[in-house]
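S.K.: Dropping a structure here in C-alpha cells format, bear with me for questions.
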Amino acid sequence: MILSSTTAMTRRCFIIGHPVAHSRSPLIHGHWLAEHGLAGSYERVDVPPAEVRGFIARLRAGEFVGGNVTVPNKEVVLPLLDVASETARAMGAANTLWMEGSTLRGDNTDAYGFLAHLDACVPDWARRSGTALILGAGGAARAVIHGLVERSVGRILLVNRSPERAVELAASFPRTVEARPWQDVAGLVGESDLIVNTTSLGMHGQPPLEIDLSALRPGTTVDDIVYVPLETPLLAEARPRGGIPVAGLHRPFQIAGMA
Ligand code: ATR
C-alpha cells in the first residue's frame, strides 16, 4: 500500500473483520505510520461477511485508502477486487486491499509475514526442517503451508480437530502434505523438526492446547501463531525440552507492549 507523506491530509486505513475488537492491526500499523512520518489513521471496522460488499463500496468512494482484512472476510473480498495478486489467487483469500487510482487491488501477505518472522527468529530453520507438523486446518494453516512449500519443506503432516478439513486442505498439496489423525499427535511430535500451532487454542479466553510433547527432540522449532499471551502454554512446555520457541508477534511489537 502506498501512502504519500507529502500530503497534509490524514488518510484513513481499516482493519475489517467480525469480530474485530481483538485486532492488534491499529497498533502494529500505527507503529509504522509513526515510524515513517505518515499522516494516517488505522481504524477497526466490524464488518460481517454479508456487509463486505457495502464496505467495499465505501472504499471505492474514497472514504479509505486501503487496509487489511481478517477472519471471516479474507475469502469474501477476493471476487470483489479489480486486480488480485498471484499469491492471493493461489490462496483463495486476500488480507490486504488498497486503491490505486480507481483500481481496487488485493494481495495476501500471511505467508510472507509468517516466513519473515520465522526467518528473523530462527535463521536456519528451513535447512533443518525436513518434516513439519501443522496443528489446525483453517485459513491460517493454509497460509503457513503455502509458505513452507515455497521454502521447499519436503514433508508436512497436518492434524485437525475436524479431520475432514485436514483431508481437504492436504488435497491441495498432494505430494507434500499428509493429513493425520489428531489422536496421533504425540507420536508425530517426535518425527517433526518444525511444529506450528495455527489453531486458536492457547489464546487468552480459549481452552489450552493440550498435546504431549514428551517425544519432542531438542532443536525442534515450535512456532505458535497465537500472540495473546506471547508465551503460550505450548511454548512454555517446549522450552525446557530443548525446543526453540517462536512467539506469534514480531519483536518490535513485543517491546512496545502490544501483546
Ligand atoms: P483461521 O483462519 O485463523 O485459521 P479458522 O478457519 O476458524 O481460523 O480455523 C481455526 C482452527 O482452529 C481450525 O483448525 C479449528 O479446528 P476445526 O477445523 O476442527 O474447527 C481449530 N480450533 C478452534 N477451536 C478448537 C478447539 N477447541 N479444539 C481444537 N481445534 C480448534
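The values are calculated or read from the model by the stated rules, or taken from the named source; none is laboratory data. Small disclaimer: the values here were computed from a predicted structure and weren't measured. Cβ coordinates were reconstructed from backbone atoms using ideal geometry, including for glycine residues, and neighbour counts include every protein chain displayed. Side chains are part of the model used for accessible areas, which takes the heavy atoms of the whole protein and leaves out ligands, DNA and RNA. Shrake-Rupley method; radii C 1.70, N 1.55, O 1.52, S 1.80 Å.
S.K.: Among DSSP beta bridges lying fully in the chain, give the percent that are antiparallel, nearest 5.
M.R.: Given both bridge residues lie in the chain, the antiparallel proportion sits at roughly 20 percent.
S.K.: Which FRET efficiency, nearest 0.05, do Asp184 and Met9 yield, Cβ-Cβ r, R0 41 Å?
M.R.: E(calc), rounded to 0.05, equals 0.15.
S.K.: Can you tell me the accessible area per residue over segment 125-235, all protein chains present, probe 1.4 angstrom, in square angstrom?
M.R.: Result: 45 Å² of accessible area for each residue.
S.K.: Also: Please name which of Pro123, Leu148, Gly106 has its Cα lying farthest along the dipole of segment 103-156 towards the positive end, using unit charges on Cβ (Lys, Arg +1; Asp, Glu -1) and the Cα centre as origin.
M.R.: Of the listed residues, the answer is Leu148.
S.K.: Which shape class, rounded, prolate or oblate, goes with segment 108-157 when its Cα gyration tensor gives a ≥ b ≥ c as root eigenvalues, a/c under 1.5 marks rounded, and past that a/b bigger than b/c marks prolate?
M.R.: oblate
S.K.: Rounded to the nearest 0.05, what FRET efficiency is calculated for Asp124 and Glu210 with R0 set to 41 Å and r the Cβ-Cβ distance?
M.R.: Efficiency for this residue pair is about 0.85.
S.K.: What FRET efficiency would be calculated for the residue pair Leu27, Ser162, taking the C-beta separation as r and a Förster radius of 30 Å, to the nearest 0.05?
M.R.: According to the calculation, E is roughly 0.40.
S.K.: Magnitude of the Cβ-charge dipole of the chain, K/R +1 and D/E -1, about the Cα centre, nearest 20 debye?
M.R.: 240
S.K.: Oh, and also: Could you pull the accessible area for Ser200 with a 1.4 Å probe, rounded to 10 Å²?
M.R.: Solvent-accessible area, nearest 10 Å²: 50 Å².
S.K.: Restricting to bridges with both residues inside segment 99-224, how much of the DSSP beta-bridge set is antiparallel, in percent to the nearest 5?
M.R.: Details: 2 of 18 bridges.
Antiparallel bridges make up about 10 percent of those DSSP assigns within segment 99-224.
S.K.: Under 16 Å from the 7 Å Cα→Cβ point of Ala57, by amide nitrogen: which residues of segment 79-109?
M.R.: Inside the label zone: 80-81.
S.K.: Right, next: Consider a paramagnetic label point 7 Å from the Cα of Ala39 along Cα→Cβ; state which residues of segment 81-104 have an amide N under 20 Å from it.
M.R.: Counting only backbone N, you get 99, 101.
S.K.: Further, regarding this structure: With both partners inside segment 78-156, how many of the DSSP beta bridges are antiparallel, as a percent to the nearest 5?
M.R.: Antiparallel bridges: around 55 percent, rounded to the nearest 5.
S.K.: Under a 1.4 angstrom probe, counting protein chains only, how are Met203, Met99, Met91, Met9 ranked by accessible area, largest first?
M.R.: The ordering from most to least exposed comes out as Met9, Met203, Met99, Met91.
S.K.: Given the -39500 (n - 2.57) contribution per DSSP H run of 4+ residues, what per-residue ellipticity at 222 nm results for the chain, rounded to the nearest 500 deg cm²/dmol? All intermediate terms of the calculation are to be shown ahead of the outcome.
M.R.: Details: 10 runs with 79 residues, N = 259.
Roughly -8000 deg cm²/dmol at 222 nm, from the helical runs in the chain.
S.K.: Using alpha carbon centroids, what distance separates segment 69-119 and segment 181-243, in Å?
M.R.: Between the Cα centres of segment 69-119 and segment 181-243 lies a distance of 28 Å.
S.K.: Could you size up the charge dipole of segment 80-155 around its Cα centre, putting +1 on the beta carbon of Lys and Arg and -1 on that of Asp and Glu, and report it in debye to the nearest 20? Could the numbers behind the result be given before it?
M.R.: Working: 7 positive and 8 negative charges, 76 e Å.
Using only the charged Cβ atoms, the result is roughly 360 debye.
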